[in-house]
Amino acid sequence: MINNYIFISDIHLGLQAKSIEIEKERKLVKLLNFAADNCKELFIVGDLFDYWFEYRRVYQKGYFRTLTALQDLTQAGIKVNYIIGNHDFMHRNFFEDEIGVELFQDGIERELNGKKYFIAHGDGLVKNDTGYNILKKIMRNKTLQNLYSLLHPDLGVFLASSTSKSSRDYTTKKDYGEIDGLFDAAKLKIDEGFDFVLFGHLHRRIFKNYKSGAYVNLGSWLDQPCYGIFNDKFEIVNWN
């Protein structure tokens, strides 16, 4: 029986030049096919897309190889959990109804192979990020999203892409500090009794032990494609 759990984060499909995106998606699809034979559950820990806006009857073009590979996973009986990030939060019901992927707006708690996990993208969890938390509430407001969807899809996707770039620039330039960053958020969760606290968002690979637990950050596919895997221990593995 396969008891592996696989985690990916911050792929940012759609961000880079077309030639890079083609190769990145090719690697991602191969990883998803690998996961079909090598994991019990898959966790997407935010920012699978650099931007995503889904209309009631329209979703943005492209990524059909990724969407098909995800559907193949769910049809094979593998649970796919998608914790949306700060770039790909404008979902409706396409992923859940058509692909069978379960979406989560915020962090989730899971027991995996006897270990207690807290898994979240990480945006909004830093103590000194009040401005972003206000923006997050506005951007994820369903009434405002419904009003936004009245725009023509070409304009809506263009504006979503522009907003995504601004958000990425803000995250890159923001000085979160040594004291009150995501590690502090992780320590609070470990103090609550979690064995592993797993984030993305920072685009930096991190593994830090704290008391009886560990804080993990999965890094980003913008530098080196990778995935996290957990059975009896947690590893971050380069995907070539």
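The values are calculated or read from the model by the stated rules, or taken from the named source; none is laboratory data. Every value quoted in this text rests on a predicted model; they were computed, and no experiment measured them. Cβ placement follows ideal geometry from the backbone for every residue including glycine, while neighbour counts extend to all protein chains displayed.
For this structure, a couple of remarks:
- Here the strands (runs of 3 or more DSSP E) wholly within the stretch 1-111 that include at least 1 residues being in contact (Cβ under 8 Å) with a residue 12 or more places away in the chain and of a type in the set (Lys, Arg) are 79-83.
- Conditions (1) more than 28 Å from TYR117 (Cα to Cα); (2) among the charged types (D, E, K, R); (3) crowded, with 16+ Cβ neighbours inside 10 Å: number failed by LYS18: (3)
- Failed item in (1) in contact with a helix residue (DSSP H, G or I) (Cβ under 6 Å, 6 or more places away or on another chain); (2) surrounded by fewer than 16 Cβ atoms within 10 Å (Cβ to Cβ); (3) at pLDDT 95 or above, with LEU32 passing the rest: (2)
- GLU41 passes every criterion in (1) farther than 24 Å from GLY122 by Cβ; (2) modelled with pLDDT of 95 or more apart from (1).
- Counted residues, the stretch 15-48 - those being touching a Gly at 6+ places or on another chain (Cβ under 7 Å) and closer than 22 Å to PHE199 by Cα: 3
- Tallying residues that are within 28 Å of MET1 (Cβ to Cβ) and assigned to a strand (DSSP E or B) within the stretch 207-232 yields 10.
- When the residues of the stretch 180-226 are filtered to those that are surrounded by 16 or more Cβ atoms within 10 Å (Cβ to Cβ) and in contact with a helix residue (DSSP H, G or I) (Cβ under 6 Å, 6 or more places away or on another chain), the one that is farthest from GLY107 (Cα to Cα) is PRO225.
- Considered as a group, the residues in the stretch 85-99 that are crowded, with 17+ Cβ neighbours inside 10 Å and over 12 Å from the mean Cα position of the chain (by Cα) include one that is nearest to THR74 (Cα to Cα), and that residue is ILE99.
- Residues that are of a type in the set (D, E, K, R) and in contact with a His (Cβ under 9 Å, 6 or more places away or on another chain) within the stretch 186-236 comprise just one, ASP223.
- Qualifying residue in the stretch 161-182 (condition: out of contact with any Phe, Trp or Tyr (no Cβ under 9 Å at 6 or more places or on another chain) and at pLDDT 95 or above): no
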